[in-house]
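Structure, as structure tokens:
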Amino acid sequence: MSQLSIDDIRVLCDAHSKPLELHFQYGTAGFRTLGNTLDSVLFRVGILAGLRSKRLDGKTIGVMVTASHNPEADNGVKLVDPRGEMLEAAWETHATVLANASTTDDFLHALDLFVRNVKIDLSKPSRVVYARDTRPSGVALISSLEDGLKAIGAEARDAGVTTTPILHYLVKAINTKGTKESYGDDSEDGYFKKLSDSFKKLVAGRPKITPLVIDCANGVGAPIAAKLVEYLGESIPLILENTSITTLGALNNACGADFVKTMQKLPPSLVEVLKPGQRACSLDGDADRLMYYYLDDRGYFSMLDGDKIAALVAAFIVDLVKLAGLESTIKVGVVQTAYANGASTRYLAKRLPVKCVPTGVKHLHHAAEHYNIGVYFEANGHGTVLFSPQAQETLANHEPSTPAQSTALNHLVNLTHLINQTVGDALSDMLLVEVVLAHKSYTGVEWNSLYADLPNRLVKVVVSDRNAFRTEDAERRLISPSGLQAKIDELVRRYDGGRSFVRPSGTEDVVRVYAEAILKTQADELAFRVAGLVYDEAGGDPSRRPK
Ligand code: G16
């Protein structure tokens, strides 16, 4: 596709004018706000994606249209770099600048400046692959994106309605095709085959897996999990729930990973479905987060979040590395954020190096790349495991000296295929968890007893300007508004085992407050008292003060 003339671009640009009163920001996970305000952003992101590809010599860039865990009315867009990772940080700023140019003239001027500053050779080819989740606003937004891609002359590939992790997989598979780093066939079929083949090898010879219930959040995870079921055959019985992708208002509503994590309870729709002792898991709206849970014999709900997944998976991998005789060559480490439960950090830190970074996949992913095998999970269930090129080479060339070493080595190699290393992937992570449970002969109860979570509470506070809240020390301390951190410290000191922090969300227009303490009532009280401080500081309406 060739690039249009500047006049044609101008006409397209006029058709996607920016709402003057709105400011857009490329945040934790791209642009994210009400879906019906994003037309101009999608058009401009189409152009930006094309330019990013040109800048990288025609490598394929990914564009995902989703607002993931947010309510159905929200939507968003994020760019995926050629290895399947998040967009380079410097370009996030460029994206914000371009999205906020007020008029067509301003935008074309900003674009021209940007192309010259970043030294983009416009004669280079540009290739973009894009997809969307099931949100109703996605159809129109994709058409705005396509106009942007047309304007810049990008060779565009529509990956349709699919999960965020599959889009990341496709980007990496396309860019490594025909090379010795080939990541797999660049199709959904290639993805499903890669996951299901390695899963079947990893659970071969293990006792039959008991049925697992999947809450698909009424999102794109539903059709994708249904396809996965066909590839997995009898290796694991999966029961799909919350699969109503065409029911308006159903997406992420009283279901899904974010609901389970924040409410710390079973989605109401599963109350009649889940039997005592049975495992279940919830995906989020674009299937990049995973929460596990079960009902114990007395029917009490127990949650196994991203921290519990990290503990389970990291310990399993450390054991396999030892069994394979690679302990001195391959170092395993874990990356968490401030939201990690204090008990999980203590459990993990006794066994292997643990690093804390700010929220956002890009921070976790980059930190995990510093280990030979880096396990990263956010408490909200977003995470994956990265095997460095050096670790993969070691696994490929290591000569095992005993049958036990050979088995462990094979398991590690199969894990590199099972795990979607480009980004957190709920379905790949779910299969990973099932592999570990099958190998350890664990039910949810044994898994849960690796350590006992400290009671905790997460609260959202609506403030007039969340940007007034700035943090340091991996978001564990506030540097502004000035004086607020000292008040929080003073409050925290009064609670046994108390810990609390405050940070602005990058995906919702709120400030988040996290608190934990030895007793549940104390964690709740601490969270609400800190939320009250935040609210008072932000000068909010007393009638909406958190209680
Ligand atoms: C996104 C990011 C996650 C982050 C979450 C919440 O998840 O990918 O890294 O933890 O937003 O971020 P915040 O607290 O800044 O709103 P998702 O699943 O919504 O794409």
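The values are calculated or read from the model by the stated rules, or taken from the named source; none is laboratory data. Just so we're clear, the structure is a prediction, and the values are computed from it rather than from any experiment. Note that we place each Cβ from the backbone using ideal geometry, even for glycine, and neighbour counts take in every protein chain shown. When the accessible area is computed, the model is the full protein with side chains, heavy atoms only, and any ligands, DNA or RNA have been set aside. Shrake-Rupley method; radii C 1.70, N 1.55, O 1.52, S 1.80 Å.
Which residue, of Glu537, Glu525, is crowded, with 18+ Cβ neighbours inside 10 Å, over 29 Å from the mean Cα position of the chain (by Cα) and modelled with pLDDT under 95? Spell out the reasoning first.
Values: Glu525 fails: modelled with pLDDT under 95.
Going through Glu537, Glu525 in turn, the sole match is Glu537.
Which members of the range 135-161 meet the condition of being surrounded by 24 or more Cβ atoms within 10 Å (Cβ to Cβ) and not in a helix (DSSP H, G or I)?
Selection gives Arg135, Ala154.
Name the pairs: first residue in the range 173-186 and within 10 Å of Arg83 (Cα to Cα), second residue polar (S, T, N, Q) and assigned to a helix (DSSP H, G or I), Cβ to Cβ under 6 Å, at least 6 apart or on different chains?
Tyr183/Thr176
Which residue, of Arg32, Arg52, is of a type outside the set (Asp, Glu), within 16 Å of the ligand (Cβ to nearest atom), within 22 Å of Val171 (Cβ to Cβ) and not in a loop (DSSP other than H, G, I, E, B)?
Arg32
Within the range 375-412, which residues are assigned to a loop (DSSP other than H, G, I, E, B), away from the ligand (no atom under 16 Å from the Cβ) and either surrounded by 14 or more Cβ atoms within 10 Å (Cβ to Cβ) or not polar (S, T, N, Q) (or both)? Please lay out each step first, then the result.
First pass over the range 375-412, keeping only residues assigned to a loop (DSSP other than H, G, I, E, B): 378-382, 388, 398-402.
Subset that is away from the ligand (no atom under 16 Å from the Cβ): 388, 398-402.
Matches in the range 375-412: Ser388, His398, Glu399, Pro400.
Using the structure shown, decide if Arg116 is in a strand (DSSP E or B), surrounded by fewer than 24 Cβ atoms within 10 Å (Cβ to Cβ), outside the structural domain of Leu418 (by TED's automatic domain parsing) and not aliphatic (A, V, I, L, M).
Working: in a strand (DSSP E or B): no; surrounded by fewer than 24 Cβ atoms within 10 Å (Cβ to Cβ): yes; outside the structural domain of Leu418 (by TED's automatic domain parsing): yes; not aliphatic (A, V, I, L, M): yes.
It is false that Arg116 is in a strand (DSSP E or B), surrounded by fewer than 24 Cβ atoms within 10 Å (Cβ to Cβ), outside the structural domain of Leu418 (by TED's automatic domain parsing) and not aliphatic (A, V, I, L, M).
Can you confirm whether Ile214 is assigned to a helix (DSSP H, G or I) and either more than 16 Å from the ligand (Cβ to nearest atom) or farther than 30 Å from Asp524 by Cα (or both)?
Against the criterion (assigned to a helix (DSSP H, G or I) and either more than 16 Å from the ligand (Cβ to nearest atom) or farther than 30 Å from Asp524 by Cα (or both)), Ile214 does not qualify.
Hey, among the residues in the range 351-374 that are within 13 Å of the ligand (Cβ to nearest atom) and assigned to a loop (DSSP other than H, G, I, E, B), which one's surrounded by the most Cβ atoms within 10 Å (Cβ to Cβ)?
Across the range 351-374, the extreme among qualifying residues is Thr359.
Considering only the range 66-80, how many residues are more than 9 Å from the ligand (Cβ to nearest atom) and under 14 Å from the mean Cα position of the chain (by Cα)? Working first, answer last.
Residues of the range 66-80 that are more than 9 Å from the ligand (Cβ to nearest atom), as a first pass: 71-75, 77, 79-80.
From what is left, the residues that are under 14 Å from the mean Cα position of the chain (by Cα) are 77, 79-80.
Selection size over the range 66-80: 3.
Is there any pair linking a residue in the range 21-39 that is open to solvent by less than 20 Å² (accessible area, probe 1.4 Å) to one that is within 12 Å of the ligand (Cβ to nearest atom) and among the small types (Gly, Ala, Ser), with Cβ under 6 Å and at least six apart or on different chains, and which?
Listed pairs, sorted by first residue: Gly27/Gly506; Gly30/Gly76; Phe31/Gly76.
Residues in the range 321-350 that are touching a residue at least 40 places away in the same chain (Cβ under 8 Å) and in a loop (DSSP other than H, G, I, E, B): how many?
Here the count works out to 10.
Taking only the range 479-501 into account, find how many residues are buried (at least 20 other Cβ atoms within 10 Å of the Cβ) and in contact (Cβ under 8 Å) with a residue 40 or more places away in the chain.
Of the residues in the range 479-501, 3 are buried (at least 20 other Cβ atoms within 10 Å of the Cβ) and in contact (Cβ under 8 Å) with a residue 40 or more places away in the chain.
Can you tell me which of (1) outside any helix (DSSP H, G or I); (2) open to solvent by 60 Å² or more (accessible area, probe 1.4 Å); (3) away from the ligand (no atom under 16 Å from the Cβ); (4) closer than 30 Å to Ala250 by Cα is the one Val129 doesn't meet?
Going through the list (1) outside any helix (DSSP H, G or I); (2) open to solvent by 60 Å² or more (accessible area, probe 1.4 Å); (3) away from the ligand (no atom under 16 Å from the Cβ); (4) closer than 30 Å to Ala250 by Cα, Val129 breaks only (2).
Out of all the residues in the range 482-523, which are within 16 Å of the ligand (Cβ to nearest atom) and either over 26 Å from Asn467 (Cβ atoms) or of a type in the set (Lys, Arg) (or both)?
Correct list: Arg503, Arg512.
Scan the range 8-24 and tell me whether some residue there is within 16 Å of the ligand (Cβ to nearest atom) and at pLDDT 95 or above. Quick ask: steps written out before the conclusion?
Here is the first cut: in the range 8-24, the residues within 16 Å of the ligand (Cβ to nearest atom) are 24.
Now restrict to residues that are at pLDDT 95 or above: 24.
Yes, the conditions are met somewhere in the range 8-24.
So which residues in the range 321-341 are open to solvent by less than 10 Å² (accessible area, probe 1.4 Å) and either closer than 16 Å to Leu450 by Cβ or more than 16 Å from the ligand (Cβ to nearest atom) (or both), if there are any at all?
Of everything in the range 321-341, those that are open to solvent by less than 10 Å² (accessible area, probe 1.4 Å) and either closer than 16 Å to Leu450 by Cβ or more than 16 Å from the ligand (Cβ to nearest atom) (or both) turn out to be Val321, Ala324, Leu326, Ile330, Gly333, Val334, Gln336, Ala340, Asn341.
Please pick out the residue among Leu519, Leu437 that is under 19 Å from Met303 (Cα atoms) and open to solvent by 20 Å² or more (accessible area, probe 1.4 Å). Give the derivation first.
Numbers: Leu437 fails: open to solvent by 20 Å² or more (accessible area, probe 1.4 Å).
The conditions single out Leu519.
Could you run through the range 435-463 and say how many residues are in contact with a Phe, Trp or Tyr (Cβ under 6 Å, 6 or more places away or on another chain) and assigned to a strand (DSSP E or B)?
Counting residues in the range 435-463 that are in contact with a Phe, Trp or Tyr (Cβ under 6 Å, 6 or more places away or on another chain) and assigned to a strand (DSSP E or B) gives 2.
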